[in-house]
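*Asks:* One structure, pasted below without further comment.
We did not get these values from a lab; they are worked out from the coordinates using the rules stated. Everything quoted here is computed from the prediction, not taken from an experiment. Positions of Cβ are generated from backbone atoms using ideal geometry, with glycine treated the same way; all protein chains shown enter the neighbour counts.
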């Protein structure tokens with residue numbers, strides 16, 4: 001089989017790239033190792049930056065998002081028994097974020113892909129990417145126990161941290177950066193109304209907590225936990241009791257609890273692979289970078305990678321230009337490292353790292369300054385709603 005762009009991975013990055021390229025008549029094939037049911041059931045992020053929202057609209061998949069998504073103009077930081085709101089819309093110069101689950105984004109993109117007649121091969125794991133440095137890339141994959149080859153002009157590796165794309169790159173051509181945080185997030189999903197109409201990030205002596213949501217009737221809550229903790233250690237009642245302890249009294253009193261739909265523990269880390277281009281192979285999303293979910297940047301950075309890669313490929317096929325392909329990695333990584341910095345700062349400010357009382361007091365001083373300084377709130381808002389995409393044309 002042959003195509004113009006072979007895409008490994010049917011998460012939001014791979015699907016969005018395929019949809020944007022389809023609009024310009026560029027042929028793609030998506031290979032996904034999991035089943036469609038598995039992909040559509042994955043519980044992931046739910047905060048979309050304004051740039052991501054615009055890109056989804058550009059791809060023609062914004063109708064349900066605009067109908068069901070919830071626009072947030074601010075968020076709250078809870079600390080020292082109080083809750084302070086940051087007006088993102090005001091301090092960012094008019095930008096907002098949208099609450100719309102990654103699961104829903106994925107479903108919308110899958111429907112658009114199938115409606116367009118695009119090839120999307122489920123349960124077809126890629127096992128190697130070859131010849132991408134020689135200019136004749138091919139993806140070796142399996143389907144129904146048989147081995148196949150997908151020949152293409154370019155390969156987009158959108159297959160996550162454990163995917164074959166980055167693993168196919170010779171180690172001497174990669175530079176890897178990684179920071180492991182000494183804690184994780186224990187999260188619960190429940191069909192209960194959110195405790196607040198906007199997100200609440202809480203710094204507490206017992207550890208971090210986050211009150212988030214997927215809709216007006218479905219909530220997502222997290223509490224910081226140790227890396228060796230297990231979901232089996234937590235009953236629903238124990239989770240709700242711990243969450244209440246970490247929230248201001250007035251907020252905790254308004255918390256409506258219910259049985260879990262899902263509970264899981266996510267470790268926190270930062271990871272970057274440089275560069276993001278190797279000949280005709282381009283990495284995007286989690287294949288190239290991962291960061292703590294504190295700043296809500298994972299899905300949004302994947303979307304920004306796709307913004308740059310789609311425009312580079314459109315310029316190549318439309319005008320035979322290669323300059324944007326050459327600039328892809330540099331443009332992506334500038335934005336990636338700024339997001340890594342913000343996520344690191346926000347994680348460091350909000351989480352408990354040790355029992356040293358001076359460290360907690362310093363965090364509280366940082367939050368007190370942030371919520372009382374116009375300049376600090378402007379910087380926070382600008383980063384949280386998402387830095388603008390670079391001019392790339």
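*Asks:* How big is the chain on each of its three principal axes, counting only the C-alpha atoms and giving the largest first in Å?
*Replies:* Result, largest extent first: 61, 44, 43 Å.
*Asks:* So for the pair residue 390, residue 262, with labels modelled 7 Å out along Cα→Cβ, what separation do we get in nm?
*Replies:* Distance between the two pseudo-spin positions: 3.4 nm.
*Asks:* Once Rh is set to the Kirkwood radius over Cα pairs, what Stokes-Einstein translational diffusion coefficient, in µm²/s, holds for the range 26-164 at a temperature of 4 °C and a viscosity of 1.567 mPa s?
*Replies:* Once the numbers are plugged in, D ends up at 72 µm²/s.
*Asks:* Enter the angle in degrees (range 0 to 90, nearest 10) between the Cα long axis of helix 236-245 and the first principal axis of the Cα atoms of the chain, meaning the one along which they spread out most.
*Replies:* 60 degrees
*Asks:* Can you tell me the 0 to 90 degree angle between the C-alpha axis of helix 374-385 and the longest principal axis of the chain, rounded to 10?
*Replies:* 40 degrees
*Asks:* Only Cα pairs under 8 Å and at least 6 apart count here; give the relative contact order of the range 234-341 as a rounded whole percent.
*Replies:* After rounding, I find 21 percent.
*Asks:* For the chain, what does the relative contact order come out to in percent, with C-alpha contacts under 8 Å and a separation of six or more?
*Replies:* 21 percent
*Asks:* Additional query: Testing the spin-label approximation: label points 7 Å from Cα along Cα→Cβ at residue 254 and residue 149. State their distance in nm.
*Replies:* With each label placed 7 Å out from Cα toward Cβ, I get 6.2 nm.
*Asks:* Further, regarding this structure: Taking Rh as the Kirkwood radius, which is the inverse of the mean 1/r over Cα pairs, what is the Rg/Rh value for the range 307-393?
*Replies:* 1.21
*Asks:* Inverting the mean 1/r over all pairs of different Cα atoms, compute the Kirkwood radius of the range 178-292 and quote it in Å.
*Replies:* Mean inverse Cα-Cα distance, inverted, gives 15.6 Å.
*Asks:* Report the rotationally averaged projected area of the range 256-328 based on its alpha-carbon convex hull, in square nanometres.
*Replies:* So the Cα hull casts an average projection of 7.3 nm².
*Asks:* Give me 108, 229 ranked fewest to most by other Cβ atoms within 10 Å of their Cβ, as a rough exposure proxy.
*Replies:* 229, 108
*Asks:* For the range 120-221, what is the relative contact order in percent, using Cα pairs closer than 8 Å and at least 6 residues apart in sequence?
*Replies:* It rounds to 16 percent for the range 120-221.
*Asks:* May I ask for the distance between the Cα centers of the range 327-374 and the range 34-105, given as a whole number of Å?
*Replies:* Rounded to whole Å, the Cα centres lie 20 Å apart.
*Asks:* In whole Å, what are the extents of the range 348-393 along the principal axes defined by its C-alpha atoms, from largest to smallest?
*Replies:* 51, 23, 11
*Asks:* Could you give the angle, 0 to 90 degrees to the nearest 10, between helix 323-350's Cα long axis and the longest principal axis of the Cα atoms of the chain?
*Replies:* Orientation of helix 323-350: about 20 degrees from the principal axis.
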